[in-house]
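Here is the structure we will look at, set down as structure tokens.
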Amino acid sequence: MISRIWSTGINGIDGYALSCECFLSGGLPAFDVVGLPDAAVRESRERVRAAIKNCGFEFPMRRITVNLAPADTRKAGALYDLPILLAILVAGEQIKADFSETAFIGELSLDGKLRPVNGALPAAIAAGKAGMKRIFVPGENAEEAALAGALDVIGCNSVTEVVSIIQGFTPAVPTTASPGSMASSYPVDFSDVKGQESAKRALEIAAAGGHNALLCGPPGSGKSMLAKRIPTILPDMTHAESLETTKIYSVAGLVCREQPLVTLRPFRSPHHTTSAVSLTGGGSDLHPGEVSLAHNGVLFLDELPEFTRQTLDVLRQPIEDGEVVISRATGTVNYPSRFMLIGAMNPCPCGWYGHPSGRCTCSANMVKNYAGRISGPMRDRLDLFVNVPEVTFNEISERSKAESSAAVRERVNRARAIQAQRYKDAGVTCNAHLPAEMTDDVCELGTEEKAIVRSAFDRLGLTARSYSRLLKISRTIADLEGSEKIRKHHIAEALRFR
């Protein structure tokens with residue numbers, strides 16, 4: 001007899017409908033799984049065998065062939081354990097039920113308990129799109145999968161519980177979608193930073209337009225402190241952004257049961273010893289990297305020149321395209337990677353170049369080589385270059401609180417609202433992502449403004465890319481002011497950060 005159980009596979013952050021077919025035939029006992037399974041899927045044979053016996057069912061002493069279709073797509077992970085087990089039981093006529101509109105995912109323990117799996121949310125979304133009415137998932141994945149909203153999600157803790165429900169002995173209780181305890185505020189605030197008004201203004205511009213920035217200053221000036229507070233001034237995530245970010249974290253196995261929906265903008269800060277694969281993603285299972293985990297949030301690279309040049313240069317394509325394509329022998333996946341890149345660096349190896357105390361001991365060549373670790377094309381993709389000077393004693397000892405993140409975020413939200421209205425039919429979310437074909441119309445310059453930009457283009461040796469970024473920054477400054485046109489002082493402030 002041939003049985004068919006529906007499940008879902010994961011490719012990148014998207015799922016697809018998968019059919020788990022089982023055929024029991026005569027001959028010597030054997031258990032084969034076909035359909036391009038990886039090692040984890042092949043090992044499911046032993047987990048399924050033990051779980052069937054320990055749940056009180058009979059394991060067929062026949063030739064068992066399990067096919068995971070589509071057969072030309074690589075299958076990875078342990079989420080196919082449960083559908084494989086059910087397909088064997090149905091083929092052996094040990095259970096009977098209508099499986100035509102039901103999907104199953106779940107990893108098995110040897111005693112038949114269900115363990116959580118990665119990718120429950122994209123799996124549930126894919127099942128809903130495939131026309132499934134309900135999906136059975138491990139209990140710990142139930143609230144996450146329920147965020148899909150297109151079908152009933154049944155959370156179960158064991159195989160016996162699943163069988164009891166599908167045979168009608170136990171009522172099915174769908175899990176209600178709940179975002180969990182949504183954080184209303186961050187533990188840090190811009191008011192914690194003493195002084196650095198120019199740097200704060202630059203980061204406000206960056207947040208308002210989604211621009212990349214590089215902070216440069218001596219040790220202890222507050223570069224990392226400023227960077228860690230950027231998420232507190234970014235606009236609140238929309239539901240679509242939260243759902244897309246949650247899908248990435250679900251595939252990476254970083255979603256917790258208490259907070260199934262990612263509601264705060266991500267802040268990722270990998271160490272400078274990280275590899276190119278860790279940044280962009282990959283490995284044997286084609287997992288998402290830091291650029292994708294920072295999607296809709298901030299990727300902070302502290303001590304930027306200490307990263308290897310090869311590692312930094314792999315960021316160039318994700319910055320431009322907003323996605324990263326990972327191609328390996330095992331397949332190709334696309335991960336979104338639309339993030340704000342914030343870098344921080346010292347002006348020289350010792351960190352004190354140009355300091356009035358004269359404590360810097362670096363030679364001119366050392367300073368030049370240190371800055372040269374960041375390639376020209378990579379620098380060209382940074383919008384704002386922000387000087388973060390040493391904080392004075394008067395600024396440190398000042399007892400009054402600086403402007404709060406809430407006040408800055410209010411201005412950022414107003415600027416983003418202007419951009420949302422402007423780009424409502426273009427599929428663009430902010431000025432930094434403005435496509436080239438729209439730049440001239442959106443960033444139209446008057447005669448005097450064009451003369452200033454022409455002079456800066458020749459004097460600073462701007463490239464076509466940096467010229468475009470200058471216009472976008474000027475547009476963001478105008479939006480913060482509520483100005484319909486880009487004026488001379490908008491361009492002048494934008495040039496101050498180039």
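The values are calculated or read from the model by the stated rules, or taken from the named source; none is laboratory data. Quick caveat: nothing in here was measured; it's all calculated off a predicted structure. No Cβ is skipped: glycine too gets one built from the backbone with ideal geometry, and neighbour counts run over all protein chains shown. Note: accessible area is taken over every heavy atom of the protein model, side chains too, but ligands, DNA and RNA are not part of it. Shrake-Rupley method; radii C 1.70, N 1.55, O 1.52, S 1.80 Å.
The set of residues from the stretch 347-361 being open to solvent by 20 Å² or more (accessible area, probe 1.4 Å) and under 30 Å from Gly209 (Cα atoms) comprises just one member, Pro347. Of all the listed residues (Ala145, Ala71), the sole one being under 23 Å from the mean Cα position of the chain (by Cα) and more than 14 Å from Ser3 (Cα to Cα) is Ala145. Among the residues of the stretch 279-304, those that are in a strand (DSSP E or B), aliphatic (A, V, I, L, M) and touching a Lys or Arg at 6+ places or on another chain (Cβ under 8 Å) comprise Val298, Leu299. Select from the stretch 323-337 the residues that are touching a helix residue (DSSP H, G or I) at 6+ places or on another chain (Cβ under 7 Å) and of a type outside the set (A, V, I, L, M) and write down the one among them that is surrounded by the most Cβ atoms within 10 Å (Cβ to Cβ). Here the answer is Ser337.
Being open to solvent by 20 Å² or more (accessible area, probe 1.4 Å), of a type outside the set (Ser, Thr, Tyr) and either under 27 Å from Pro349 (Cβ atoms) or in contact (Cβ under 8 Å) with a residue 60 or more places away in the chain (or both): is that true of Pro219 here? So Pro219 passes the test.
Taking into account only those residues within the stretch 411-456 that are among the polar types (S, T, N, Q) and open to solvent by less than 30 Å² (accessible area, probe 1.4 Å), which is nearest to Asp383 (Cα to Cα)? Write out each step before concluding.
Of all residues in the stretch 411-456, those among the polar types (S, T, N, Q) come to 413, 419, 421, 429, 431, 439, 447, 455.
From what's left, open to solvent by less than 30 Å² (accessible area, probe 1.4 Å): 419, 431, 439.
Values: Gln419: 18, Asn431: 12, Thr439: 15 Å.
Only one residue fits best here, namely Asn431.
Only one of (1) open to solvent by less than 20 Å² (accessible area, probe 1.4 Å); (2) within 22 Å of Ala146 (Cβ to Cβ); (3) among the hydrophobic types (A, V, I, L, M, F, W, C) is not met by Phe31, so which one is it? Single failed check for Phe31: (2). Val391 fulfils the conditions (1) open to solvent by less than 70 Å² (accessible area, probe 1.4 Å); (2) touching a residue at least 24 places away in the same chain (Cβ under 8 Å); (3) closer than 30 Å to Thr463 by Cα except for a single criterion, (3).
When we screen Val159, Val137 for residues that are over 20 Å from Val255 (Cβ atoms), aliphatic (A, V, I, L, M), surrounded by 15 or more Cβ atoms within 10 Å (Cβ to Cβ) and at pLDDT 95 or above, the only hit is Val159.
Conditions (1) in a loop (DSSP other than H, G, I, E, B); (2) open to solvent by 30 Å² or more (accessible area, probe 1.4 Å); (3) in contact (Cβ under 8 Å) with a residue 40 or more places away in the chain; (4) in contact with a Leu (Cβ under 6 Å, 6 or more places away or on another chain), marked per residue:
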| residue | (1), (2), (3), (4) |
| --- | --- |
| Ala142 | no, no, no, no |
| Pro171 | yes, yes, no, no |
| Ser198 | no, yes, yes, no |
| Ile205 | no, no, yes, no |
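Answer yes or no as to whether Arg416 is modelled with pLDDT of 90 or more and under 26 Å from the mean Cα position of the chain (by Cα). When the stated conditions are applied, Arg416 passes them. The listed residues are Ala103, Ala51, and the only one of them that is modelled with pLDDT of 95 or more, in a helix (DSSP H, G or I) and either in contact with a His (Cβ under 8 Å, 6 or more places away or on another chain) or open to solvent by less than 10 Å² (accessible area, probe 1.4 Å) (or both) turns out to be Ala51. Looking across the stretch 113-134, the residues that are surrounded by fewer than 24 Cβ atoms within 10 Å (Cβ to Cβ), closer than 23 Å to Gly168 by Cβ and in contact with a strand residue (DSSP E or B) (Cβ under 6 Å, 6 or more places away or on another chain) come down to Lys113, Met132, Arg134. Filtered by the rule that a residue be assigned to a helix (DSSP H, G or I), within 20 Å of Asn212 (Cα to Cα) and of a type in the set (Ser, Thr, Tyr), the stretch 443-498 gives Ser466, Tyr467, Ser468, Ser474, Thr476. Scanning the stretch 372-381 for residues that are open to solvent by 30 Å² or more (accessible area, probe 1.4 Å) and either touching a His at 6+ places or on another chain (Cβ under 6 Å) or closer than 12 Å to Leu304 by Cα (or both) yields a count of 3.
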